[in-house]
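Asks: Structure incoming, see below.
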Amino acid sequence: VGLVTLAVLSRNNWTAQMSLLFACLVGTLLAQYINDWARTNWKAWAKQDYFDESGFFISAMYSGPLLLIACGILVNNLFVMGNMLVAIKTKEFKRAIARANGGKNGGRRERKDSGSSDSTKNQRGVKEKTADVPASDKPKTN
């Protein structure tokens, strides 16, 4: 319960998360040695030998929760890195737009509506190119 609480409280602190992940993984690696020691000394604290050669008890009661905490830390770090990547790319795009606009408007794109005669808007408001036709070639309407 304490490690889960520590993992949740330190979810925004990368150093604490990595330290906790390392501790969980080292604890899982030490489970075999703990099981061997507990199998020979079980009479000191228990009435029954729970620690078999395959290590099922220690895996279920000790290693399993540590691995679940480690997986939770890894998933949290994946989300943090994904959010960080989105933030970095957003800043890159804003800087690129600002550079393209010559640094005007703080990186915001300006709408330029050219009032030239070679484009007109259709009914949906989309600009369409029109050819410049001399007045003599235009059909006459009565």
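Asks: Take residues that are aliphatic (A, V, I, L, M), modelled with pLDDT of 90 or more and surrounded by 13 or more Cβ atoms within 10 Å (Cβ to Cβ) and tell me which of the helices (runs of 4 or more DSSP H) falling wholly in segment 1-105 contain 1 or more. Show your work before the answer.
Replies: Values: elements: 2-9, 14-29, 31-40, 64-100.
So the answer is 14-29, 31-40, 64-100.
Asks: Among all residue pairs at least 6 apart or on different chains, which show Cβ distances below 8 Å where the first residue, located in segment 25-38, is over 13 Å from E53 (Cβ atoms) and the second is of a type in the set (G, A, S)?
Replies: Listed pairs, sorted by first residue: L25/A70; G27/S63; T28/S63; T28/A70; A31/G55; A31/S59; A31/S63.
The values are calculated or read from the model by the stated rules, or taken from the named source; none is laboratory data. What you see is a predicted model, and the numbers here were worked out from it, not measured in a lab. For neighbour counting, all protein chains shown are included, and Cβ atoms are generated from backbone atoms with ideal geometry for every residue, glycine included.
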